[in-house]
Amino acid sequence: MIELPSRRASVGFFLRFAYCFLIILISSFQAACTEKKFEPEKKAVPLKTGIEVGNLAPDFNIKNLGGGSASLSDYRGKVVLVNFWATWCGPCKAEMPSMEALYRSHGRDDFEILAVSIDLGDETPVRSFVEDFGFTFPILLDSQFDVNDLFQVRVVPTSIVIDRNGVVTDRLLGAKDWNDPDAQAFVKELIQRPHEQISQSGVGANKKG
């Protein structure tokens, strides 16, 4: 024979049941609140295309000394030093060996130099100069001043530094010692910056070839 609980016992049992249920409900709510939330997908940061510091560098496509062509966009994801020079430019000749030293200090996955020659006419003097000094970075031929004018270069040498995101970080006039510890640290710091998703906005996108 099963004895039925008294009325007081029934009320006590109900209160204990309700209390336990409330505790379970609160615990479940807290667990739900502490679950990792999925972050919304990062949207591309829109930038204006232009030649000034902070702008997305305009693209270009010109002939290289190897017989093919090269575009700036081919090197997106790397820090790029675009150097404008000429064989008749004394400061350019003084600067370029240190550029070669800088070039060899970093892997091609991280850093690239595009040396844009503005020599007129035949490419023979450029080829002879590069072979005599043993430069290994890409040499681009801008005899029509297409890229020179695109970046509004008025003196040589001029160096345009572009980060992994394709953004202009510096415009440097005159010859630099790129093998100097400060210059090496400057490039290394750019390489270590994160690669973000950048979108293009506004006008100024150029591609010549």
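Brief remarks on what is shown
- Take 102-113, 158-169 and order them by the average number of nearby Cβ atoms within 10 Å per residue, most first; the result is 158-169, 102-113.
- Note that region 48-170, at 25 °C in a medium of 0.890 mPa s, gets a Stokes-Einstein diffusion coefficient of 169 µm²/s from its Kirkwood radius over C-alpha pairs.
- Whole-percent carbon and sulfur share, accessible surface of region 111-176, 1.4 Å: 49
- Local net charge near Ile139, Cβ-Cβ under 11 Å (Lys/Arg +1, Asp/Glu -1): -2
- Probe 1.4 Å, accessible area per residue of region 73-209, Å²: 48
- Local charge for Val130 was computed over the other residues whose Cβ lies under 12 Å away, with Lys and Arg +1 and Asp and Glu -1, and equals -3.
- Highest-first arrangement of 141-153, 171-183, where packing means the average Cβ count within 10 Å: 141-153, 171-183
The values are calculated or read from the model by the stated rules, or taken from the named source; none is laboratory data. Predicted model only: the values in this text are computed from it and were never measured. In this analysis, Cβ positions are derived from the backbone assuming ideal geometry, glycine residues included, and neighbour counts consider all displayed protein chains. Heads up: the accessible areas ignore ligands, DNA and RNA and are worked out on the full protein's heavy atoms, side chains in. Shrake-Rupley method; radii C 1.70, N 1.55, O 1.52, S 1.80 Å.
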